[in-house]
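To keep things clear, I will list the structure first and then write my remarks on it.
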Amino acid sequence: MSQTAAGRRTVRIAMNGVTGRMGYRQHLVRSILAIREQGGIDAGDGTVIWPEPVLVGRREYALKALAERHGLDPDAVSTDLDAVLADDSVSVYFDAQVTLAREEAIRKAVAAGKHIYTEKPTATGLTGALELAGLARAAGIKHGVVQDKLFLPGLLKLKRLIDGGFFGRILSVRGEFGYWVFEGDWQSAQRPSWNYRAEDGGGIVVDMFPHWEYVLHELFGRVTAVQALTATHIPQRWDERGKPYPATADDAAYGIFQLDGGIVAQINSSWSVRVNRDELVEFQVDGTEGSAVAGLRNCRVQHRSATPKPVWNPDIPATEPFRDQWQEVPDNAEFDNGFKAQWELFLRHVELDEPYTWDLLAGARGVQLAELGLRSAAEGRRLDVPELSL
């Protein structure tokens, strides 16, 4: 339960995995600490929701260093997850560990009656992901899964266009995501080595298909079928100690997704591609009345009335400045960090019982799509995506 004192509703959050890149940068620093720096979350009744992190992990010295660096309680660190979950003052459990460790920890947290907020994928397989959702529902706790890309400025602008009817009937979505992750020999890799070992839960399908599921589901419609081709383009990489290892996980995936209503989505994901686009991820949406290209922050549109009429003629240079014929969508709003925005919504859900839709069942849909994507690639065929329920 939260503790209310001096206008604060203090919510103690066990944060497991904050020494990792994502757990530290996006969840601790840019979300929880940023919320504290702004004075908490206004609850609308004269109080503020005040997150109080309890740092959990395997390396006590690293946790204490983080607490000292950011002025947190040096005693609110622990390498004993069971002891933290037994603490009645801790009401929320957050997980940003490696995927292989996540399912067991969430099961313990549910059994301890903690509200759950977690990174994805929520489990290594659909069976486990559905079991977590069922356990959480039976326990009557609140639960949420990070679906941060929905809060990107570029995709918020894209949703504004969809809600305003800009596209007419949407026909297709084309996505390009990725960048070159260095092999680790002559330049250090930007991602941890476990990402490239299937036995450690790595692979771009497991990492990115859960993202594509919720982006497609929320913006365009439920994914009803998937066909994927995967590849391990770089067969050998070097780990954090400079030692070579075989890359056993896919580092690129080329997926085609059929959506409710007949929309076709094609998304390429790769850690073995050099970037020749404006942002690291871009989605082109084509409709009968207009098209848009949305990235992390920006969104450009071309309406039917302003669409050029090119004619294919490979014998002469292109005369149309195609990229110049798109119009930038204005911000028309201030956009906060997407991780922080979703944290605020979840904490309001916990404290004020406000609606929240991105739960563990939504997380299970992402695991399902990744599992079916890998199976599609292995079997070389398109697979239906059944609708999930508990």
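Within the group Asp75, Asp87, which residue is over 16 Å from the mean Cα position of the chain (by Cα), of a type outside the set (A, V, I, L, M) and modelled with pLDDT of 95 or more?
Details: Asp75 fails: modelled with pLDDT of 95 or more.
Going through Asp75, Asp87 in turn, just one is over 16 Å from the mean Cα position of the chain (by Cα), of a type outside the set (A, V, I, L, M) and modelled with pLDDT of 95 or more: Asp87.
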Among the candidates Leu100, Leu33, Leu126, single out the residue that is at pLDDT 95 or above and within 23 Å of Phe339 (Cα to Cα).
-> Leu33
All but one of (1) at pLDDT below 95; (2) closer than 22 Å to Asp207 by Cβ hold for Gly373; which doesn't?
-> (1)
For the range 5-24, enumerate the residues that are over 23 Å from the mean Cα position of the chain (by Cα), over 12 Å from Leu55 (Cβ atoms) and not in a loop (DSSP other than H, G, I, E, B).
-> Ala5, Arg8, Arg9, Thr10, Val11
Of the residues Gly184, Gly168, which is in contact with a Ser or Thr (Cβ under 6 Å, 6 or more places away or on another chain) and either surrounded by fewer than 22 Cβ atoms within 10 Å (Cβ to Cβ) or more than 27 Å from Phe346 (Cβ to Cβ) (or both)?
-> Gly168
Would you please name the residue that is farthest from Arg21 (Cα to Cα), looking only at residues in the range 53-107 that are buried (at least 18 other Cβ atoms within 10 Å of the Cβ) and among the polar types (S, T, N, Q)?
-> Ser91
Output for Cβ contacts, cut-off 8 Å, separation at least six or different chains, first residue within 30 Å of Gly287 (Cα to Cα) in the range 240-269, second at pLDDT 95 or above and acidic (Asp, Glu), reads Ile267/Glu176; Asn268/Glu176
Residue count for the range 125-144, restricted to those that are crowded, with 17+ Cβ neighbours inside 10 Å and closer than 19 Å to Leu345 by Cα = 5
Using beta carbons and a limit of 8 Å, which pairs, at least six apart or on different chains, have the first residue in the range 143-154 and under 18 Å from Phe94 (Cα atoms) and the second one aromatic (Phe, Trp, Tyr) and assigned to a helix (DSSP H, G or I)?
-> Gly144/Phe346; Val146/Phe339; Gln147/Tyr214; Asp148/Phe339
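For Val215, state whether it is surrounded by 18 or more Cβ atoms within 10 Å (Cβ to Cβ) and more than 22 Å from Ala123 (Cβ to Cβ). Before you say what the answer is, go through the steps one by one.
Working: surrounded by 18 or more Cβ atoms within 10 Å (Cβ to Cβ): yes; more than 22 Å from Ala123 (Cβ to Cβ): no.
In short, no.
Looking at Tyr196, Tyr245, which is the one that is in contact with a Ser or Thr (Cβ under 7 Å, 6 or more places away or on another chain) and among the hydroxyl-bearing types (Ser, Thr, Tyr)? Spell out the reasoning first.
Working: Tyr196 fails: in contact with a Ser or Thr (Cβ under 7 Å, 6 or more places away or on another chain).
From the options Tyr196, Tyr245, the qualifying one is Tyr245.
The values are calculated or read from the model by the stated rules, or taken from the named source; none is laboratory data. In this text the structure is predicted, and so the values were computed from the model without any measurement. Here Cβ is always computed from backbone atoms with ideal geometry, including for glycine, and neighbour counts include all displayed protein chains.
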